[in-house]
1. So if I check each of B:56, B:40, B:70, which one is surrounded by 15 or more Cβ atoms within 10 Å (Cβ to Cβ), modelled with pLDDT of 85 or more and either at positive phi or hydrophobic (A, V, I, L, M, F, W, C) (or both)?
2. Please work out which residue is farthest from the other protein chains (Cβ to nearest Cβ), limiting yourself to region A:238-282 and to residues that are among the acidic types (Asp, Glu) and under 20 Å from residue A:167 (Cα atoms).
3. Restricting to region A:191-206, and then to whatever is under 21 Å from residue A:263 (Cβ atoms) and not aliphatic (A, V, I, L, M), can you tell me which residue is nearest to the other protein chains (Cβ to nearest Cβ)?
4. Return yes when residue A:179 is surrounded by 24 or more Cβ atoms within 10 Å (Cβ to Cβ) and part of a helix (DSSP H, G or I) and no when it is not.
5. Among the listed residues B:44, B:70, which satisfies the condition of being touching a His at 6+ places or on another chain (Cβ under 6 Å) and not assigned by TED's automatic domain parsing to the domain that holds residue B:249?
6. Determine which member of the set B:123, B:189 is among the aliphatic types (A, V, I, L, M), assigned to a strand (DSSP E or B) and in contact with a Ser or Thr (Cβ under 9 Å, 6 or more places away or on another chain).
7. Can you pull out the residues in region C:21-52 that are more than 8 Å from the chain's Cα centre (by Cα), at the interface with another protein chain (Cβ under 7 Å from one of its Cβ atoms) and of a type outside the set (A, V, I, L, M)?
8. Any chance region A:285-292 includes a residue that's more than 9 Å from every other protein chain (Cβ to nearest Cβ), among the hydrophobic types (A, V, I, L, M, F, W, C), within 24 Å of residue B:358 (Cα to Cα) and in contact with a strand residue (DSSP E or B) (Cβ under 7 Å, 6 or more places away or on another chain)?
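The values are calculated or read from the model by the stated rules, or taken from the named source; none is laboratory data. The model shown is predicted, which means the values in this text are computed figures rather than measured ones. Every residue, glycine among them, receives a Cβ derived from its backbone with ideal geometry; neighbour counts consider all protein chains shown.
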Amino acid sequence: MRYVEEFRDPELGHAMAGEILATVEPGRHYKLMEVCGGHTHSIYKYGIDDLLPANVELVHGPGCPVCVIPMGRVDDGIAIALQPRVTLTCFGDMLRVPGSRGTLLDAKAQGADVRMVYSPLDALRIARQNPDREVVFFAIGFETTAPSTALTLRRAKAEGVANFSCICNHVTILPPVRALLESPDLRLDGFIGPGHVCTVVGARPFEFIPADYGRPVVISGFEPLDILQSIHMLLRQLAEGRCEVENQYRRVVPYDGNLRALEVMADVFELRPHFEWRGMGFISHSALKLSAAYEEFDAERRFSAPGVRIADPKACQCGEVLKGVIKPWECKVFGTACTPEHAIGTCMVSPEGACAAYYNYGRLARTRQVV
Amino acid sequence: MSASERIAGGREQRVLEIIETARSKRPRFRDERITTAHGAGGKATQTLIEALLVPAFGSPALEALGDAGAVRIGGLDLALTTDSFVVKPIRFPGGSIGELAVNGTVNDLAVSGARPIALSLSLILEEGLETDVLRAEINAIAAAARSSGAEIITGDTKVVERGHADQLYICTTGIGQIDPRARLSPAALRPGDRIIVSGTIGEHGTAIMLARGSFELDAEIVSDTRPLWPAVDALLEAAGPSLRAMRDATRGGVATVLNELARASGVGIVVREADVPVHPTVAAASELLGIDPMHVANEGKLVLFVAAEAAEEALAALRAVDGCERAAQIGEVTEGPAGMVLVDTAFGGRRVMDQLVGDPLPRIC
Amino acid sequence: MTVVRVDGERGLALCASEDGARHTVETGLVDPVSLGDSVLVHAGVALVTLPG
């Protein structure tokens, strides 16, 4: 905790806020996107907006792995959970994501054996301890958690845990970012890069953003000081006319990533030709499925599931929130028909979702300085 | 390069106002089935109570939604409360279901300003429960009752088939006499009042979660279950008329208590994160699991709202009570925004602290 | 988190945060860890060994 405490020091925070104020060009408006849901959560949890002038607008990106899961995939999870002898395991956030006819928590109330775990390794242990159950892990996450699923599957294979399988909804971060850059809707000035994804994939894959699209990127850690420092570094790049990938999270992120993790992922997974992202449509080569060598652990092969594409409810504007086109409070149903208790869309369910973060932490009228 | 003006987002402000209006309306119960979220003590529980239960019974005493119900009989002001205990596992570091069953009910009386007098004890036993286990719980109940000063004067026992009660469920009902020094009400908060907690928070829920052993996580945290009447007695003595309200922070944690009271009194609350006492091990375990200790259940902590001028004395009196040495002032009541709890983060920003809908840790009491 | 016990054979380590909570962690994706090393952990897997 002491290590972490330095990065939450309020005096240092104030000092950094002062430097940001000094770097901002008077009258200029900056739109910086934080890609990762973990950053969105931190920004609201620590009230970082309070330390920024109104000139600096933080736009929330699609980096929330729960938020981007389409309703049809939730239905598939529920269909599998309702089958005999199945124990479905998932992260806590997934329990209240709405499918077309309820959530996994509702399925549990109807008698399905749905259990929350904190890691796929917990799920594998449940499988070992319950040989008469079919234990299925509903895997979600970007490249940060994919290695964990991959290692778990490797263990399952090595130990011959035949009653274990996985529904794979892992997605990769770069294709949606590229889709955003291609979209005419947004004019972003820079990106706060996903620090934990980069511990796996490295900083190198982000070079295309300055190179092909002329936007600076700063890979950031998750403590409030990290985020403020990264914002400062982006503003300085813009002030100095530089455009490159900088690594603020140097203490953790290697330029080339974690080669072993990438190798394990390449062994256990392969890219799906395309995958539907909630609110963003189909994006090619953006998601993972189990490779041929691990087919036997693929729950989508072992069990039947509807596999139907379900359109989002008309009232839902999650797509626009995920792309940063609108702020959470600009969604027509935010806080009224769509609340954490009764969520219409996924952005309101996960703690990393922009709507949930804003509703739970940020729902506050603020006055901010204008430079 | 200095700040030239301050602006507030006009459209955003209007949206926030619409949301507050929506939140302040009486909720409707829209779920088709009961889920574990309804048992968590958070928003789902609140909706169940306010939309499904309270309207059915037409009782002003119930509408007050205090920890105990008040009733006047033959000139005596009495408090009545009831609680069921379904904690799993039944034994955990720091205690067991038997202790919770006494302390939980006795504490609901205490924080309502009532000295606990008598308890009823209802047992639902699972077929196959080992007698030694039952005996141990009965002894725990007896010891806790002696310690609390309340007498068990009546009870009931049922047995259900294997698989229907997780070893045992307990229900206790308690009656107490409201102390003449107490002038407590959830609607009594005034701007400027100070908020005090009686010690470090988040221990009970964390201890249960670790005892379940379903996570590869291990730390020495014990439940904080204890009777709170001694603390309440000391507070009534030191600051009686200045005490506005008290709650024991069980399911849903301190965050739930603050939100409920802010709503009941139509005031705002600001908490200073740096002043909230949390044991470092609880903080570390919670951080690992992505849980905020403010949302985690306690079983021996009270939250107190006291007029500013009496806060120092109240705090001193509390700290002199066994087990409350780490009592601390954590925030204050404000004019507004009404019904909202805000946190000044240790980092210097400000954010909202709402209740959770459900609970990441089911069946903790 | 800090490594407090190593099980090299199974590629696991018991790690503890400074204030006492302990966690079993997969270590197959980082160079072999020793007692006292600091690691960044996600979903039960050590992704990076931290400096110092």
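1. B:70
2. By that ranking, first place goes to A:276.
3. A:199
4. It is false that residue A:179 is surrounded by 24 or more Cβ atoms within 10 Å (Cβ to Cβ) and part of a helix (DSSP H, G or I).
5. Criteria check complete, one pass: B:44.
6. The match here is B:123.
7. Those that are more than 8 Å from the chain's Cα centre (by Cα), at the interface with another protein chain (Cβ under 7 Å from one of its Cβ atoms) and of a type outside the set (A, V, I, L, M): C:22, C:23, C:28, C:42, C:44, C:51.
8. Checked against the condition, which is being more than 9 Å from every other protein chain (Cβ to nearest Cβ), among the hydrophobic types (A, V, I, L, M, F, W, C), within 24 Å of residue B:358 (Cα to Cα) and in contact with a strand residue (DSSP E or B) (Cβ under 7 Å, 6 or more places away or on another chain), region A:285-292 yields no hits at all.
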